[in-house]
Structures are given as structure tokens and as C-alpha cells.
Amino acid sequence: MEKVLSGMRPTGRLHIGHYFGALKNWVKLQDSYDCYYFIADWHALTTNFENPENIKELRREMLLDWLSVGIDINRSTLFIQSKNIYHAELFLLLSMITPVGWLERCPTYKELKSEITDRDLSCLGFLGYPVLQTADIIMYSAKYVPVGVDQLPHIEISREIVRRFHHLYGCNIFVEPEGLLTDVPKLLGLDGRKMSKSYGNAIMLTDDLKTVESNILKMVTDTNRKRRSDPGDPSVCPVFDYHKVFSLESERDEIVDGCKGARIGCIDCKRILIKHIIEFLEPIQLKRKQLEKEIDDIDQYLKNTQEKACIVASKMMEKVREELKI
């Protein structure tokens, strides 16, 4: 069975954008692939190296979120990146052959460097994170990495590093990874900006349901619709983007007709959305509360799958050392 690998940085609670952008697909992939999913705590340090105090707790919160939406430890290999020292070794060895120019051209490197202005990111770890990402992927001979189309350049860097390694050492020990495109729905934050924990505009998977209702009622809508009697345009309304994900097609048709004809107001539209989002969140939160009671020590919970990942990684590193004659 072909392997899929993906990971997430434990930087805070997960929101519905994470679910529809990644986790929903992760759950589905468990039916068809040998899936490796890891908590990328070293990657979290690339931009948050000054405040690492709560990473252990964030690792636990992330795992609980994963399990509550359907990631299954009996169907996937779940592990913590920093508990597998082989990732660091392969990262070091790959960094010896990776041109700096490749890393400086990485779109995310340039984007985050311009966006994050409240801390100094001129450090080796931040520049070299695509190399660590490559080590994460190729360590397990993962054929596919589920990504959105905007993340394909990251996979291409990994492919280039693999090809360079094979060319330099006359071998073929790694699988050249491919992006497995994920259809990511458009879900803006509650204020119409990009959904982000740092903006405080996200609907968290763990949010109190009354808070969810209150926040949706305050959501930005079609800014040109000043009064209920004004016709609206659902195509420019962030709330309708949520309806595309949560509501039935028949409901969406009625909303479009009613909004354009000024027969329903924005509050009416939001009430329909609230019903569906609460129906979505309730079972996730119930399952999570049960998991919180059952799982205290995540290291113990992940013991078997963590060991499995380490064994696979150790075998790969034996091959790498042999090729490098060290």
C-alpha cells in the first residue's frame, strides 16, 4: 500500500479551517493509504523559538483534536517529530547538499518573512525548514503529501533535494514525493480576513457553542447591503462561503434567491448556518471530552506508533549512512 505523510505544527487549538483544509482529507485517506501523521513540534520552533514553554501541552491538544474528528491510531501511524531523532540526522545530512538559493526562493519563506514583523526570523532554522520538511517526508518513503495547490512549490523543493542526493551519490534510496491535491474550500475568518488564530477570527473546534452562535451573528456579510430591504449578492458574502460547506444545496438555492430578492435578511441567513455548524461541532466536542478523560499521557498513548515510526526511520538512516560512507 502506498504511503501518505503529513504533519501539523502545534501552535494552538485547531479551527474549522484546519478541519476542511486538511483533517477531513486525512480521515478519508486512511481508507486507501498507509498514513503517517506527525506532530511537527520542531517546525513550530522555526517561528516560535522564543516561546517554547507550552509546546508539550499544545501537542496534547492537537492530538485530541485529531482523534476527535476521526484520525484513528489503529489505522494510521501517529507520532511526535521531536521524539524521533533520526529526523534531525537526515535534516543535517540533507542540509550539506541543499543550495541556499533554493531555500530563499521558497514562496512561504518570503511570505512569512514579510508578514511576521514582531520577531527576528533571520535564523538558520527558519530558512532551512524545507530541508527538515523534506527529511520528514522521505524518511518514510511517502509517495504522497496532501497539500493545497499553493503548497506544491514546497513539494517541488523536496523532489529537487531527492534528485540531487541520488545524482551526487549514484543511488536511488528515496521515493520522490508527489503532492496529493486537496480541494480546500474558501473559508474566511469571522471578520472577512484570512482565518487565523492570531487574528482571533476563527471558529475553533473546541469553542463553546453559545460563543459560536454569538460570533456567527456578528459575522461580516455583503457590505453593500445596508438594510434588510436592499438586495444582496451572496457571491461576495463570506457567510455564503460557509453555506457552500455546511448547508444543503436546496437551502443554498433558497438563500441565493431570497438574498438577491431581499426576501430574507442576513440574520435569517446566519440562523440557518448556525444550525448546521452546531450540528457539525457537537459530536466532535462530545468525543473530545471523552478522550480528555481517557488520555492523560500522550507519550504513553502513542508509544506503539512512535516506536513503529522510529524503526522505519532507523532503517532508512542505515541506507543513508551507507551511501555517504559514514
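The values are calculated or read from the model by the stated rules, or taken from the named source; none is laboratory data. For clarity, every value in this text was computed on a predicted model and none was experimentally measured. All Cβ positions, glycine included, derive from the backbone under ideal geometry; neighbour counts span all protein chains shown. The accessibility values were calculated without ligands, DNA or RNA, using every heavy atom of the protein model including side chains. Shrake-Rupley method; radii C 1.70, N 1.55, O 1.52, S 1.80 Å.
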Euclidean distance of C-alpha centroids, region 149-201 and region 209-235, integer Å:
34 Å
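Over region 137-239, how many pairs of lysines fall under 22 Å by alpha carbon, counting only those 8 or more apart in sequence or from different chains? It would help to have the intermediate numbers written out before the result.
Values: LYS186/LYS194; LYS186/LYS197; LYS186/LYS218; LYS194/LYS218; LYS197/LYS210; LYS197/LYS218; LYS210/LYS218; LYS218/LYS226.
For region 137-239, the number of qualifying lysine pairs is 8.
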Report, to the nearest 10°, how far helix 129-138 tilts away from the longest principal axis of the Cα atoms in the chain, using its own Cα long axis and a range of 0 to 90°.
80 degrees
Give the accessible area for ASP233 in Å² (nearest 10); use a 1.4 Å probe, count only protein heavy atoms, and leave out ligands, DNA and RNA.
60 Å²
Give me P(r) over region 82-219, computed from all C-alpha to C-alpha distances, binned every 10 Å, as integer percentages.
10, 31, 30, 19, 8, 2, 0
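Dipole size in debye (nearest 20) for region 1-86 around its Cα centre, Lys and Arg Cβ +1, Asp and Glu Cβ -1?
My answer is approximately 80 debye.
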How big is D, in µm² s⁻¹, for region 56-157 by Stokes-Einstein at 37 °C and 0.692 mPa s if Rh is the Kirkwood radius over C-alpha pairs?
209 µm²/s
In the chain, what % of DSSP beta bridges are antiparallel (nearest 5)?
10 percent
Leaving out ligands, DNA and RNA but keeping every protein chain, what accessible area does VAL149 have, in Å² rounded to the nearest 10, with a 1.4 Å probe?
100 Å²
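Hey, what's the Kirkwood Rh for region 212-326 if you take every pair of different alpha carbons, in angstrom?
Kirkwood hydrodynamic radius for region 212-326: 18.3 Å.
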Taking the Cα atoms of the chain alone, what are Rg (to one decimal) and Dmax (as a whole number) in Å?
22.0, 76
Signed unit charges on C-beta, dipole axis of the chain, positive-most listed residue LEU93, SER250, LEU127
SER250
With angles folded into 0 to 90 degrees, how steeply does helix 249-260 sit against the dominant principal axis of the chain? Use alpha carbons for both and round to 10.
50 degrees
Among ILE267, ILE277, ILE55, which one shows the highest mean-square fluctuation when the chain is modelled as a Gaussian network with alpha-carbon springs under 10 Å?
ILE267
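May I ask you to rank LEU127, LEU248 by accessible area, largest first, using a 1.4 Å probe over the protein chains only? If you can, show how the numbers build up before the last one.
Working: LEU127 30, LEU248 105 Å².
The ordering from most to least exposed comes out as LEU248, LEU127.
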